[in-house]
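Trainee: Have a look at this one.
The values are calculated or read from the model by the stated rules, or taken from the named source; none is laboratory data. Predicted model, so just to flag it, every value in this text is computed and none were measured. Positions of Cβ are generated from backbone atoms using ideal geometry, with glycine treated the same way; all protein chains shown enter the neighbour counts. Heads up: the accessible areas ignore ligands, DNA and RNA and are worked out on the full protein's heavy atoms, side chains in. Shrake-Rupley method; radii C 1.70, N 1.55, O 1.52, S 1.80 Å.
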Amino acid sequence: VRRDHPAAVLAAVTNGRGDPLAMPALAACFDFSVSAEDGGIYPERKPAAAPFLAALRRAGVQRPTPASWCHVGDDLINDVRAAKRLGAWSVWLARESGTEGQPASSPDDAAASSYWFSTMGEEEREARRKEAEAALGAADVTIADI
């Protein structure tokens, strides 16, 4: 992205506590990161608007339109549909679930995988799978890898 769009501002927007900028493999990929754990955002978490809006403000985006921002995410509900509702051009990173012994990235792609770790019960997991299925049409583009 940086090679083809050198003026683009790249942010990591996460619900997690880990800071992508502190991770050597990711640090060079982003200009900044926003976590739902940050002051002024917590307890709002994706799919809530607060983490996305904080990132847009920090990037200097005044009026979000699909032409002004794009969100790439691996979770249909928390990333793709949530960003789309806020006017993003939305990209779903749909990796194969639990490939090569790795955990699935979210319960949406963990239907047949025992590699997704959660305290979520089967009933809640099934409800989330149905919600994710309904969110499938929210992505403007689906990709398998970055």
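Trainee: Hey, among the residues in the stretch 63-120 that are aromatic (Phe, Trp, Tyr), touching a helix residue (DSSP H, G or I) at 6+ places or on another chain (Cβ under 8 Å) and within 24 Å of ALA48 (Cβ to Cβ), which one's modelled with the lowest pLDDT? I'd like the intermediate steps shown before the answer.
Mentor: Within the stretch 63-120, the subset aromatic (Phe, Trp, Tyr) is 69, 89, 92, 115-117.
Cutting the leftovers down to touching a helix residue (DSSP H, G or I) at 6+ places or on another chain (Cβ under 8 Å) gives us 69, 92, 115-116.
So of that shortlist, the ones also within 24 Å of ALA48 (Cβ to Cβ) come out as 69, 92, 116.
On the way: TRP69: 94, TRP92: 93, TRP116: 55.
My answer is TRP116.
Trainee: Within the stretch 1-29, can you find the residues that are aliphatic (A, V, I, L, M) and part of a loop (DSSP other than H, G, I, E, B)? Quick ask: steps written out before the conclusion?
Mentor: Within the stretch 1-29, the subset aliphatic (A, V, I, L, M) is 1, 7-13, 21-23, 25-28.
Once the filter is applied, which keeps residues that are aliphatic (A, V, I, L, M) and part of a loop (DSSP other than H, G, I, E, B), the stretch 1-29 yields VAL1, ALA7, ALA8, VAL9, LEU10, MET23, ALA28.
Trainee: Look through the stretch 4-44, keep the residues that are under 15 Å from HIS71 (Cα atoms), among the hydroxyl-bearing types (Ser, Thr, Tyr) and out of contact with any helix residue (DSSP H, G or I) (no Cβ under 6 Å at 6 or more places or on another chain), and return whichever of them is most open to solvent (accessible area, probe 1.4 Å).
Mentor: The selected residue is THR14.
Trainee: Now, a different point. Within the stretch 45-72, how many residues are open to solvent by 60 Å² or more (accessible area, probe 1.4 Å) and among the hydrophobic types (A, V, I, L, M, F, W, C)?
Mentor: Of the residues in that region, 4 qualify.
Trainee: Let me ask something additional. Hey, can you tell me all the residues within the stretch 19-44 that are touching a residue at least 12 places away in the same chain (Cβ under 8 Å) and not hydrophobic (A, V, I, L, M, F, W, C)?
Mentor: Taking the stretch 19-44 first, the residues touching a residue at least 12 places away in the same chain (Cβ under 8 Å) are 19-21, 26, 29-38, 40-41.
Once the filter is applied, which keeps residues that are touching a residue at least 12 places away in the same chain (Cβ under 8 Å) and not hydrophobic (A, V, I, L, M, F, W, C), the stretch 19-44 yields ASP19, PRO20, ASP31, SER33, SER35, GLU37, ASP38, GLY40.
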